[in-house]
Amino acid sequence: MTDAAIAVLGGTGPQGKGLGYRFAKAGRRVIIGSRDAAKASAAAGELDETLGGDGLVTGMANAEAAAQAGLVVVAVPWDGHNELVESLRGELSGKIVVSCVNPLGFDKAGPYGLDMGNSSAAEQLQSIVPAARVVAAFHHVSAANLIGPAEKLDHEDILVAGDDKEAAAQVRALAATVTGSPGVDAGPLRLARQLEPLTAVLISINKRYKTRSGVSISGLPQD
Ligand SMILES: NC(=O)c1ccc[n+]([C@@H]2O[C@H](COP(=O)([O-])OP(=O)(O)OC[C@H]3O[C@@H](n4cnc5c(N)ncnc54)[C@H](OP(=O)(O)O)[C@@H]3O)[C@@H](O)[C@H]2O)c1
């Protein structure tokens, strides 16, 4: 599995590009996905150049990227998310599909988590593609830090939630390409309802302290 390519749908945006950068920097093959294959190729070319031209990053239309990958990261905005995943039911079925999607709103008082009812973006993805092995992760790492110069974002933890234990374990291992340590097992997929809107709190903190805050969990066993 670790040799399989990772597709990043919406990988032309800052978050998908940043995650793709970290995965490829750690030696993983990455396919940048886009609604527009030419835009995907251009973004992949930029990333490949940043990484020294080792050819680990390619770009394709979202459907082809998802079809060729072993693991798929969904990094598109909440608006349009359901339509995109509906259109990729076949390609996503049976695969580990990672959602970092944060359904947020912004008004005069700042950012807030949208009312998702008793659901979350990750759970909606799971209900649209029941055969996907959906895992929620990477909600709280900022795109700017991902693409930034730090060797690893070792001051942050990646919280990982999923019902498929084996899939969640693979995503926790993948998180080490970003932070240097495995992700933290946060529990079942329904906890994406808490993980996704927590990002509104981080954005609010960022504004007040002029920083890029992240999440770090204390009290975990050292091993
Ligand atoms: N930015 C961050 O720091 C950050 C941090 C954590 C999590 N996230 C989450 O990661 C996701 C991506 O964030 P982002 O800032 O990279 O977003 P973005 O730049 O707004 O969008 C990413 C890409 O999604 C595609 N896209 C846009 N609208 C779409 C639609 N209606 N249907 C299908 N594809 C569409 C576009 O790619 P093409 O035009 O090439 O198809 C775009 O480049 C979001 O859900 C966000 O909540 C972001």
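By DSSP, the beta bridges lying fully in the chain are antiparallel in about 20 percent of cases.
On full extension, the segment bounded by Asp115 and Arg35 gains 26.1 nm, given 0.36 nm per residue less the C-alpha separation.
For Arg133, nonlocal amide neighbours, meaning residues 5 or more places apart or on other chains whose placed amide H falls under 5 Å from its own, are Gly94, Lys95, Ile96, Val97. Cross-link check: pairs Lys25/Lys207; Lys108/Lys207; Lys152/Lys207; Lys17/Lys152; Lys108/Lys210; Lys25/Lys152 evaluated at a Cα-Cα cut-off of 22 Å; pairs beyond the cut-off: Lys25/Lys207; Lys152/Lys207. Taking all Cα pairs closer than 8 Å and separated by 6 or more residues, the relative contact order of the chain comes to 18 percent.
For Lys165, the lysines whose Cα comes closer than 24 Å to its Cα, not counting residues fewer than 8 places off in the same chain, are Lys95. Its residue count N sets the reference 2.2 N^0.38 Å, and the alpha-carbon radius of gyration of the chain equals 0.94 times that reference.
Extent of the range 17-148 along its three principal axes (Cα atoms, max minus min coordinate, largest first): 45, 37, 25 Å. Based on DSSP H assignment, which helices of the chain show an axial Cα extent of at least 18 Å together with a mean Kyte-Doolittle hydropathy greater than or equal to -1.0? Within the chain the helices that satisfy the rule are 37-50, 165-179, 192-209. A Gaussian network model of the chain, with springs between Cα atoms under 10 Å, assigns the largest mean-square fluctuation among Gly59, Gly113, Gly162 to Gly113. Amide H contacts under 5 Å for Val184: Ile158, Leu159, Val160, restricted to partners 5 or more places along the chain or on a different chain, H placed in the peptide plane at 1.01 Å from N.
In this calculation the C-beta distance from Gln222 to Ala4 is compared with R0 = 22 Å, giving a FRET efficiency of 0.10.
Values quoted throughout were computed directly from the atomic coordinates according to the rules given, and no laboratory measurement underlies them. On a predicted model such as this, the values are computed, not experimentally measured, just so you know. Neighbour counts run over all protein chains shown; Cβ positions are idealised from the backbone, glycine included.
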